[in-house]
Amino acid sequence: MSTGEARPFAPFPQVRPLSDTALTVVFGTEVDPQVHAQVMGLARQLEALRDAPALAGVSEWIASFTALTVYFDPDVADVAALEAELARLAGAGAKAILAGRVWTLPACFENDYAPDLADLARLQGLSEEAVVSQFLAARYRVYTIGFLPGFPYMGGLPEALQVPRLATPRTEVPARSIAVAGGMCAIYPFKSPGGWRLIGRTPLNLFDPAREAEPALLAAGDTVQWQRIDAARFAALEAEADAGTLDPQQFLGEGPHDHAS
């Protein structure tokens, strides 16, 4: 296995050593749906070939925006064979553009649920309603889950809504807050510190240990569009979520972008 850094001008994909227990397959440097499709395509191939001899010792793999990191047991894996197999699979160019689910998730943009909405509108020279309308009109692709369990990093934020993070992060962001920063959109699954700008809130639980098979609501490759709800509908759905009686599967599939009842 090569121990040196990959040359900057080397063509993609590249297989790079991350540690003595991990290899990273890099498909590019830009956050892009086509690059991410290659990442997910490799993940799908690994799932299908999990029992192949060349993958002996592989324990898991984690997708990011532009790369897939493969973790292995060095006492079991033939690292040279694994590196060669990853290079072969990545070079085959498989893509999984349609691997994810399509969600239509409820969002409220009223009052305390959107503390940074007015400031974002002012910075961009838009009305608050124009910000919400543009936000609802876009579709967001989940590139990876990180920072907190169930925290989705989603691309697709319209250019007109792209602003930097807050100069001073909040010490406490309310759970379920919908946030934007740069070209990304995210949802805070739990109360935590954070520096993204908060423009709305969803009543759904983004991470629920009771969903044993899939505790995180969203997964890399999923697509999200937002459905507007008012504060009364938000309170009703939030009560169901808190009681554990809200079935998130009802939000799978496409629906209207703007619904206030």
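The values are calculated or read from the model by the stated rules, or taken from the named source; none is laboratory data. As the structure is a prediction and not an experimental result, all values here were calculated from the model. Here the Cβ is made from the backbone with ideal geometry for all residues, glycine too, and neighbour counts use every protein chain on show.
Structure data summary
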{"read-out": "Selected residue (only one of Glu159, Glu129 is assigned by TED's automatic domain parsing to the domain that holds Ala232 and over 21 Å from the mean Cα position of the chain (by Cα))", "value": "Glu129"}
{"read-out": "Residue in the range 59-72 that is over 20 Å from Gly41 (Cα atoms), in the same structural domain as Thr29 (by TED's automatic domain parsing) and at pLDDT below 95 present", "value": "no"}
{"read-out": "Among (1) in contact with a Pro (Cβ under 8 Å, 6 or more places away or on another chain); (2) in contact (Cβ under 8 Å) with a residue 40 or more places away in the chain; (3) closer than 21 Å to Phe135 by Cβ - the single one Asn205 does not satisfy", "value": "(3)"}
{"read-out": "Test set (1) surrounded by fewer than 15 Cβ atoms within 10 Å (Cβ to Cβ); (2) under 17 Å from Leu117 (Cα atoms) - Ala213 fails condition number", "value": "(2)"}
{"read-out": "Residue check for Ser192: of a type in the set (Gly, Ala, Ser), surrounded by fewer than 21 Cβ atoms within 10 Å (Cβ to Cβ) and assigned by TED's automatic domain parsing to the domain that holds Pro106", "value": "yes"}
{"read-out": "Search result, residues across the range 223-256 that are crowded, with 17+ Cβ neighbours inside 10 Å and either of a type in the set (S, T, N, Q) or at pLDDT below 90 (or both)", "value": "Thr223, Gln225, Gln227"}
{"read-out": "Flag if Thr144 is in a strand (DSSP E or B), β-branched (Val, Ile, Thr) and modelled with pLDDT of 95 or more", "value": "no"}
{"read-out": "Selection from the range 199-226 of residues that are out of contact with any helix residue (DSSP H, G or I) (no Cβ under 8 Å at 6 or more places or on another chain) and not in a loop (DSSP other than H, G, I, E, B)", "value": "Phe207, Ala216, Thr223, Val224"}
{"read-out": "Filter result (surrounded by fewer than 14 Cβ atoms within 10 Å (Cβ to Cβ), over 16 Å from Val142 (Cβ atoms) and not hydroxyl-bearing (Ser, Thr, Tyr)) within the range 25-51", "value": "Glu30, Glu47, Ala48, Arg50, Asp51"}
{"read-out": "Odd one out for Pro174 among (1) under 29 Å from Ala67 (Cβ atoms); (2) in contact with a Phe, Trp or Tyr (Cβ under 8 Å, 6 or more places away or on another chain); (3) surrounded by fewer than 22 Cβ atoms within 10 Å (Cβ to Cβ)", "value": "(1)"}
